[in-house]
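The values are calculated or read from the model by the stated rules, or taken from the named source; none is laboratory data. Please read all numbers here as calculations on a predicted model, not as lab measurements. Glycine also receives a Cβ, built like all others from the backbone with ideal geometry; neighbour counts cover every protein chain displayed. Note: areas computed on protein heavy atoms with side chains; ligands, DNA, RNA excluded. Shrake-Rupley method; radii C 1.70, N 1.55, O 1.52, S 1.80 Å.
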Amino acid sequence: MRIRRLFKWTRFGIFAVFGLIVLSTSILCIYTVDTELSAEYEVNTQNIAKTIADSSAGILLNQNLATLQSLVDQFLEVQGIRYIYITSETGEFLAHTFVPGIPEEILESEHSNTAPVERSLPGMGDFIEVGSPILAGVAGTVHVGMDLDVVALKIQRAIGQQVYLISVMLLIAVLASIWFVNLAAKPLGELLAYAVELAKDGENDELGERELLARDDEVGHLARLFLHVSRQGGGRGLPANTSGTE
Amino acid sequence: MQCSLEPGASPDGKWGPLVTRKSLMRSGLAALLVAPFTASALVAGRGQESGGSEAESSDRAEGRGATDEEIVLGVSAAFSGPSRGLGTELYRGAMAYFNHVNENGGIEGRRVSLRLYDDGYQPDPCVQNTMRLMLEDKVFSLFGYVGTPTVTRVLPILKKFQDEKIFLFFPFTGAQPQREPPYGEFAFNLRASYNQETAGLVDNLVQVGRRRIAVFYQIDAYGRSGWAGVRAALDKHGERLAGEATYSRGEKFTGSMRKQVEILQGVAPDAVICIGAYAACAAFARDAVDLGLDVPIANLSFVGSENLLKLLTEGQDDAERYTRQLINSQVVPSYEDTSIPAVQEYRDLMARYDPQVPADLVEEEYAPFPHSFGSLEGFLNAKLMGEILRRLGPNPDRAGLEEAVFSIEDFDLGISERVSFGPDRRQGLQSVYHTVVEEGRFVPLDDWGVRFG
C-alpha cells in the first residue's frame, strides 16, 4: 500500500492531462459544432425560403392561394421549421401556418425585411426568421421561422454525442493507467515486503527460495541484491546476475 | 344486392376489394423486398390480389381501365379519423346509385365498382393511394375524392400522367385548384365552388347589415381556399376581413377552440364564417356560444352538416342555444324536399340498399345518417358518372372520357338545375342553398333579414 503512494502523483498527473484533453476537446467541439450547425440551419432556412419564393411566384400571380397554402404546408414538414408566412407586396398575409392566429409581433413586423432576425413569440418559443423576396419583392415576401429550441436540441445532441465519446475514452484511459500503475506497483510491494522480511530474519533459508528472486527484471535484480547484502552484511561482492541494469 | 364488383373483397363479398392502409403498407413492404428478385412474379401477384382475371390485367395493362365485366373507379377518401363521416356519407350515397345500376344490368353489361382506399383526410396517404390506383389497380378514372388538402396534392400526379387520360371526377371539395389552370383540365366538378358558397354567405350577411365578417378556418389548402373566397367576396363590397383565427386539421370536438373564439371576440365581428370540418367547427360554435360570441356562425357545405348538428345537440339540455345562430351553405338541395325527383330517388335507393362502408375500412365506430347532404351529393355524383359512362358506348375507353363529359348539355339530374359541361365549363352545378337549424334539423333559410337582420 505504501508503494502505491509512489504513484499518487503519477495518477494525478494522468487524470490532469486527460482531463485537460477532454475539457479542451469538448470546448473546441462545442464551439465548432454550435457555430457550424447554427450556420447550416440558417443557410438551410434561407434556402427553404428561397425555394418557396421561387415556386410561389407563378401561383401568386394566378391568385391561387389554396395551392400556395398547400406548398407552404409541405415545407412545414421539414424538421425545425415551425412557421412560414407569405405576405403580399402591400403586407397582406396571403398564406401562413399560425394556429390559433398570427402573433402580434409578426403582424407588427416589417414584412419586406429579408435579413435574419431572432424572434421570441409568446407561447411558441424562440425562432430565427429569414425571408426571401418573391420576384425581387414586387410580388411579396416569404418568411420562414426556424425553431431555435429544435436547433439548440440538435446541437446539444451532436455535442453530447461527441463529449460522451471523449468521456468514454477518458474513462477507459484512466482505468487502463490505473491498471498499468498497479501492474508496476504490485511487484514493488512484494519487493518491499521481502526487504522487510530480510531485515527481520535475513538468515532464514526460506527467504533465499522465493519466486521473486527468479524474476528477470529490475525487481528480481533488487531482490537478489537485497538478499545478497543481507547475507553478506554489507555489499562486499555481488552475484553475477545482479550486477546492473539490463 | 351485389353491387360491386370485384371478387374476393369484403367478408360479405359485397363491396369490392378492400385495401386498408395497413394491408397496403404490408404489401408495399413485401413488394419492395421481393422486387429485385421477382419482378415478373410481382406483376402476377398484384393481379391476383385485386381479384382480376388475366384478361382483366391485360385490358388494364393496355390502358382501357375497364374489362368486359366491369368498370373500376378509384376512390381515396376519409374513412377514418375525425372527418370519417365525410367520406362515409359520400360513399354511401354513391353506392346507393351504383348498386341500383349494377342490379339492373350495369352499364352496357358492365358493373361499376369502386376500389376504395382510406386516406384519413391526409395528403400523403392520398397521394400514395392515388399512385396505387393509377399504376397498380389501373382504374378507369378517379372518383369521389374527399377534401382540398388531399385533392390539391393529387392534381400534379394527374398532370404527370396526363397521357393516361385518368381524370378526377366530382371531388368533394369546392376549392379552386381543380377548377383553374394549370390543373383544371384534369378534373370535373359537379358541386358549386367555395368561391360561390362564400360569396353567397357574404352577400347575404352584408345585405342584412353584417359587414364585419371574420373567418375561422382550417389552416391548410381548404381553409385558405375558403378564406380567399370570403376575402374576394368582401372586397366586392368594399370590406376587408374583420379578423381571422385558425385551427389544425384533425382537431376533435373534444378539443378547445377558446383561444380562437377570444381572438375573434377581439375584433367584434358581426358574423363568423367557418371553413372547416364538422368536429372543429362544432367545437368552435360550442365555445363561441359559451364565451358569449353571439353572432351568426356560417359553415360551408364541406363541414358535414348532420355530423355538426349531432355533435352540438347530442346530450344537450338546451341544444337550441348552440344551433340558433348556425347558417350552413349547401351545394345540393334539401334531402327533405321529396318534391324533387332526384331526392325521392335518392331516398328510395338509400332505403333499399343502405350501403355501408366495408368493414375492413372501418377503424372507428361511425353511425351513418339515413339521409344527409353528403350522401345526396354522393348520389348525384354517381348518377352523373353513370350517365357519362353510358355515353362512352359499348367500348369504354379513357380516351373518350373527355368527349363524353362534354356531350353533357342541359342534362336533367332530377334536381331543378340542369347540368352542362364543356371545355371551358368543368363544373356542372352552380347553385348554393342556405340552411338553418329548426327543430333539430337543417331547413332552407328563406329570409335572412328576419333571422339575422
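Tabulated data
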quantity	calculated
Under 16 Å from residue B:138, Cα to Cα: aspartates and glutamates that are on another chain or at least 8 residues apart	B:6, B:49, B:54, B:56, B:59, B:62, B:68, B:69, B:70, B:163, B:164, B:397
Between B and A, accessible area buried - total, square angstrom, nearest 100, 1.4 angstrom probe	1700
Theoretical FRET efficiency, 1/(1+(r/R0)^6), r = Cβ-Cβ of residue B:403 and residue B:203, R0 35 Å, to 0.05	0.45
Per-residue average of Cβ from other chains inside 10 Å of A:89-100	4
Label-point separation in nm, residue B:390 to residue B:163, each point 7 Å along Cα→Cβ	3.5
Antiparallel DSSP beta bridges within the protein assembly as shown, as percent of all bridges there, nearest 5	50
Label zone at residue A:135, where the point sits 7 Å out along the Cα-to-Cβ direction: segment A:54-76 residues whose backbone N lies under 12 Å	A:56-64
Peptide-level mean, for B:143-153, of C-beta atoms on other protein chains within 10 Å	2
Dimensions in Å of the protein assembly as shown - Rg and Dmax from alpha carbons	38.0, 136
Among A:182-188, B:75-81, B:316-322, the order from most to least packed when residues are scored by Cβ within 10 Å on average	B:75-81, A:182-188, B:316-322
Radius 14 Å from Cβ of residue A:205, net charge of other residues (Lys, Arg +1; Asp, Glu -1)	-3
Point-to-point label distance, residue B:239-residue A:179, nm (Cα→Cβ direction, 7 Å offset)	8.2
Net charge of neighbours whose Cβ lies under 13 Å from the Cβ of residue B:366, counting Lys and Arg as +1 and Asp and Glu as -1	-3
Within-11-Å neighbourhood charge of residue A:118 [Cβ basis; K, R +1; D, E -1]	-2
Under the Karplus curve 6.51 cos²θ - 1.76 cosθ + 1.60, θ = phi - 60°, whole-Hz ³J(HN,Hα) for segment A:68-76, x wherever Gly or Pro sits	4, 5, 4, 4, 4, 4, 5, 6, 5
Averaged over B:218-230, number of beta-carbon atoms from partner chains that fall within 10 Å	5
Two-site label geometry, residue A:47 and residue A:23: point separation in nm, points 7 Å out along Cα→Cβ	3.8
Whole-Hz ³J(HN,Hα) from phi, Karplus 6.51 cos²θ - 1.76 cosθ + 1.60, for segment B:152-165, glycine and proline x	4, 7, 7, 3, x, 5, 4, 5, 4, 9, 5, 5, 6, 6
Cα pair distances in chain B, grouped into 20 Å bins until the bin that holds the longest one, percent each	26, 56, 17, 1
Gyration tensor (Cα) of segment B:318-393, equivalent ellipsoid semi-axes in angstrom	27, 20, 12
MRE, 222 nm, helices only [DSSP H, n ≥ 4, -39500 (n - 2.57), over chain A, to nearest 500]	-20500 deg cm²/dmol
Heavy-atom accessible area per residue - segment B:294-391, 1.4 Å, Å²	37
R0 of 30 Å, Cβ-Cβ distance residue B:294-residue B:354: FRET efficiency to nearest 0.05	0.15
Under 21 Å from the Cα of residue A:8 - lysines, other chains or at least 8 residues apart	A:186
Within the accessible area of segment A:9-155 (1.4 Å probe), percent carbon and sulfur	61
Angle in degrees between helix A:148-201 and the longest Cα principal axis of chain A, rounded to the nearest 10	0
Accessible area (Å², per residue) of chain A, counting only protein heavy atoms and a probe of 1.4 Å	56
Cβ crowding within 10 Å averaged over residues, with B:274-285, A:194-205, A:144-155, B:251-262 ranked highest first	B:274-285, A:144-155, B:251-262, A:194-205
Interface residues in segment A:64-87 - accessible area drops by 10 Å² or more relative to the isolated chain, probe 1.4 Å	A:64, A:65, A:66, A:67, A:69, A:70, A:73, A:74, A:77
Residue among A:31, A:76, A:107 farthest towards the positive dipole end of segment A:9-155, charges placed on Cβ	A:31
Amide H within-cut-off set for residue A:119, under 5 Å, with H built and near neighbours excluded	A:127, A:128, A:129
Residue B:172 long-range amide H proximity, modeled H, under 5 Å	B:145, B:146, B:147
Table column - 3J(HN,Hα) (Hz), segment B:380-393, Karplus curve with 6.51, -1.76, 1.60, x for Gly and Pro	5, 4, 5, 5, 5, 4, x, 5, 5, 5, 4, 6, 6, x
DSSP-assigned coil residues among GluC sites (Glu not before Pro) in segment A:110-151, each with at most 12 further Cβ atoms within 10 Å	A:110
Surface share of carbon and sulfur [accessible, 1.4 angstrom probe, percent] for segment B:108-189	47
